[in-house]
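These notes concern the structure reproduced below.
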Amino acid sequence: MIYLASKSPRRRELLRQLGVPFEELHLRESPGRARDVLEEAEDGEPPQHYVERIARTKASVGWKRMEQRRMTPRPVLGADTEVVLDGEVFGKPRDAAHAAQMLARLSGRTHEVLTGVAIRAGERVEFALSTSRVSFRPLTTDEIARYVATGEAADKAGAYAIQGRAAAFVARLEGSYSGVMGLALFETAGLLARTGWCVP
């Protein structure tokens, strides 16, 4: 058993795909309360550094919460996925209008998806980075509006879910499908092996 320091249903689904038993370890993310992890890039911070910092922080904060709550000690997995275009980290859209703006910028372009995975076990934190390139076909304004209206863009890095209706936007993918979805399984399995897990 491991702890997953995330509320993402995509990450839960992907861990189950690997056959890894886990328990969710919720971090504070609610509006109006001090968040456990502030997901904001520092001035001039390279995207790869940002993704690694956030993934490592989630795993370490999750470990601290595990200790504070006197839970059974187990490895804690934290992850972060970001869409990057022209060196800019997109993050999650603030609202529908922001989602439409993001998709319009991704239209007809190739962007990167960076997924960082960190596992903390004791004082050790192991990290791995997955980098994928995703090419969108050109999208019309109406297509973007219809997609945003489905609600699927909300709470997604770059305002799209490759495992959902946005699959129709993807002309080409180079890299990790599961990484673009939210948890790079090849890298995750490797990290778990380093901490003594045997993933089939």
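Values in this text are rule-based calculations from the coordinates and carry no lab data. On a predicted model such as this, the values are computed, not experimentally measured, just so you know. Backbone-built Cβ (ideal geometry, glycine too); neighbour counts: all protein chains shown.
The table for this structure:
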| item | result |
| --- | --- |
| The range 1-127 - percent relative contact order, Cα under 8 Å, separation 6 or more | 26 percent |
| FRET efficiency for Q17 and D142, using Cβ-Cβ distance with R0 set to 30 Å, rounded to 0.05 | 0.30 |
| Candidates S107, S60, S130: whichever shows maximal mean-square fluctuation once the chain is modelled as a Gaussian network with Cα springs under 10 Å | S107 |
| Rounded to 5, percent antiparallel among DSSP beta bridges of the range 2-194 | 85 percent |
| Estimated distance in nm for a label pair at T72 and V170, the labels positioned 7 Å out from Cα along Cα-to-Cβ | 3.5 nm |
| The chain: radius of gyration and largest Cα-Cα distance (Dmax), Å | 16.9, 52 |
| Residue-by-residue Karplus 3J(HN,Hα) for the range 170-186, coefficients 6.51, -1.76, 1.60, Hz, glycine and proline x | 8, 7, 7, 10, 10, x, 9, 4, 5, x, 5, 5, x, 8, 5, 6, 4 |
| Peptides ranked, highest mean first, by Cβ atoms within 10 Å: ranges 44-53, 65-74 | 44-53, 65-74 |
| Karplus-derived 3J(HN,Hα), 6.51/-1.76/1.60, for each residue of the range 18-23, Hz, glycine and proline x | 6, x, 9, x, 8, 10 |
